[in-house]
1. Stick to the Cα atoms of the stretch 453-521, pair each with every other, and give me the Kirkwood hydrodynamic radius in Å at one decimal.
2. Determine the calculated [θ] at 222 nm for the chain from helices alone, applying -39500 (n - 2.57) to every DSSP H run no shorter than 4 residues and normalising by the residue count; nearest 500 deg cm²/dmol.
3. Can you give me the % of accessible surface on the chain that is carbon or sulfur? Probe 1.4 Å, all protein chains present, nothing else counted.
4. From the cross-link list 121/198; 93/198; 93/132; 340/411, which pairs have alpha carbons spaced over 27 Å apart?
5. Under the classification rounded if a/c is under 1.5, otherwise prolate if a/b is larger than b/c and oblate if not, where does the stretch 337-403 fall, given a ≥ b ≥ c as square roots of the Cα gyration tensor eigenvalues?
6. With N set to the number of residues, divide the alpha-carbon radius of gyration of the chain by 2.2 N^0.38 Å and report two decimals.
7. Taking every DSSP beta bridge with both residues inside the chain, roughly what % is antiparallel (nearest 5)?
8. With +1 on the Cβ of every Lys and Arg and -1 on the Cβ of every Asp and Glu, and nothing else charged, how large is the dipole of the chain about its Cα centre, in debye rounded to the nearest 20?
Amino acid sequence: MDIDMQKLRETKADIEIRRCLEAKQCFSMIAGAGSGKTMSLVSALQYLRETEGACLRRNDQNILCITYTNRAVEVISQRVDWDDLFLVRTLHKFLWSQIKKFTPNIREALREHVIPAHIEKKRDDDNGGQSKKAIAAREKIASLQADLDSLDTVVRFDYNDTNFSNYCEGQLNHDDVIDIGAYLISENEILRRIIGQKYPYIFVDEAQDTFENVVEALNKLCGTEGLPIVGYFGDPMQQIYDKRAGDFAGQADFTLITKEENFRCSRKVIDLLNAFRQDVKQFAAGDNAEIEGSVHVCLVKAEEPEGKRKRYTEEQIRRASASFEKALESWGWDGREDVKLLFLVRQMIARRLGFPELHKLFTGQFASAKAQDDYETGDHVLLKPLISAICPLVQAERDEDRRRVMDVLRKSSPAFDPQGVNADRTLGDMRERSIKFTRELSDLWGKGTLSDILQYCRENKLCKISDRLSEHLDRAPREEQYDPDLHSSDKGDWLADAFLEMSTSEIEPFVEFISDNTPYSTQHGVKGEQYEDVLVVFDDTDAAWNNYSFTKMLTPNMSGDPTEGQYNRSRKLAYVCFSRAEKNLRILLFTPDPETARKELVSKNLFEESQISIAD
């Protein structure tokens with residue numbers, strides 16, 4: 001999305017899309033990395049505005065564009081000038097807007113489809129024995145059965161963007177919205193006609209990341225004459241999230257369009273991308289056509305893990321880190337803040353930057369999937385005030401930057417809001433108060449717990465503290481031992497208690513990372529981004545994930561064949577990482593036998609002999 005659209009020219013794929021729109025023909029566009037997918041989507045939107053806009057406005061109709069993230073919504077909306085002819089929404093927001101008023105239909109979907117599917121899944125966990133898992137499954141089945149029996153008493157349903165649902169009280173979670181929305185579109189012809197008449201054109205951005213049942217519903221939506229034209233824009237090779245469609249080719253009558261230009265990467269990087277896939281062969285099509293670039297892989301002998309659960313010991317971690325630093329030095333990349341360093345999991349970044357315990361907490365037994373997601377985006381209720389206000393205040397005080405102190409306070413502090421409780425105080429008085437509070441906060445920062453810090457800031461109104469966080473600060477810590485079978489819905493209490501007992505030592509490095517002030521990132525976290533120079537680190541042992549195996553994916557003859565899932569996930573994630581590089585790409589691969597790996601990489605035509613080195 002960051003490719004400059006002004007520098008991109010109309011492509012063969014854009015012309016084919018326009019022909020489909022003229023012929024009222026559904027289509028799927030497969031666009032490789034760096035191809036200007038968003039440019040093609042926006043061009044199609046603009047074409048429809050020019051040719052169909054007046055008619056659509058008279059009929060009170062809209063062109064719908066469904067995309068994956070709020071950021072993408074903002075980017076696309078901006079590029080079509082925030083024109084209300086276009087409805088640009090995330091999938092969850094759009095589906096909920098279409099179904100929220102149909103209470104009887106939601107009830108039907110829950111009764112006929114959603115809750116029975118949950119019950120069936122739990123039955124798979126019940127072997128009839130007395131294990132905790134089996135007992136918990138039977139209890140959950142009983143609870144879901146009770147929900148089924150009470151559905152008729154629910155007056156209306158509400159959507160909460162959480163992992164938790166409470167059907168008997170009408171509370172739906174974000175997975176429910178997907179399942180119910182897709183089910184109702186597929187099963188309810190009236191709803192399909194309502195959507196089709198309101199939105200004659202439906203474009204799906206990042207189609208590979210759309211849920212399978214939603215793609216099936218949209219295919220059925222456009223399967224009847226007179227219903228909308230659906231256009232998918234995406235790349236199956238960049239489908240790196242679980243339980244997503246990946247293949248979005250549409251029905252048999254969809255026109256398949258391939259976009260082969262690459263406006264981002266140097267020629268050497270494009271050569272590697274083409275070696276990784278057969279369905280799209282890209283060529284450099286913009287200013288990058290003049291850039292040779294470079295690709296180099298360094299093979300490091302991986303040690304046999306000597307720690308618990310087949311993990312590295314601290315000494316082995318030290319040696320692996322030394323190999324990483326030595327490779328940077330050999331490439332002349334050590335000390336460069338402009339090089340993007342990509343690791344498989346945040347665990348490795350947390351260790352290197354200095355927030356390993358914080359990471360363990362937000363990925364451990366007390367963290368729900370939603371809590372982990374919010375941790376990774378910096379939106380968790382426990383972290384937000386530290387990221388947005390408290391840490392910036394401490395850093396500004398440490399730098400003796402009074403102007404920055406006042407800027408943070410005016411933006412974040414109810415006590416320093418010009419229209420707030422202290423509006424009548426003089427500027428000099430407020431300046432003195434700012435000095436007093438920030439000095440006390442800075443002193444406490446090095447001595448107190450996170451609970452002490454947050455309590456101080458709440459008492460002095462230095463930042464906004466949510467009601468949920470205040471509840472955690474006010475209640476007594478949970479004293480009973482956490483039991484996942486009994487306390488799963490309350491696990492956030494244990495998470496908060498452990499967090500509030502922590503010192504501040506890991507907060508600043510975490511805030512620097514989450515604010516993108518470091519060269520480090522996860523490999524999943526850079527999808528859609530681009531950088532001039534990129535280093536990708538593949539170390540299967542350090543990652544400790546069975547879902548991926550880069551050594552097996554790249555060198556199966558030496559390392560053994562990966563499972564189908566390992567191969568597909570590893571290959572797609574590697575492709576996403578490699579395609580971030582605009583000019584130069586470096587790969588650090590830990591492998592049991594570097595020399596044998598080198599021969600296999602060359603024999604598979606992934607790399608040339610001159611592109612591979614073996615670390616001492």
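1. Every distinct Cα pair counted, the radius reaches 14.3 Å.
2. Calculated mean residue ellipticity at 222 nm is -14000 deg cm²/dmol.
3. Carbon and sulfur together cover 45 percent of it.
4. 121/198; 93/132; 340/411
5. In terms of gyration-tensor shape, oblate.
6. So the Cα radius of gyration is 1.06 times the expected 2.2 N^0.38 Å.
7. 5
8. Computed about the Cα centre, the dipole is about 680 debye.
The values are calculated or read from the model by the stated rules, or taken from the named source; none is laboratory data. Quick caveat, the model's predicted, so the values are computed rather than measured. Note that we place each Cβ from the backbone using ideal geometry, even for glycine, and neighbour counts take in every protein chain shown. Just the protein is used for accessible areas: all its heavy atoms, side chains included, with ligands, DNA and RNA removed. Shrake-Rupley method; radii C 1.70, N 1.55, O 1.52, S 1.80 Å.
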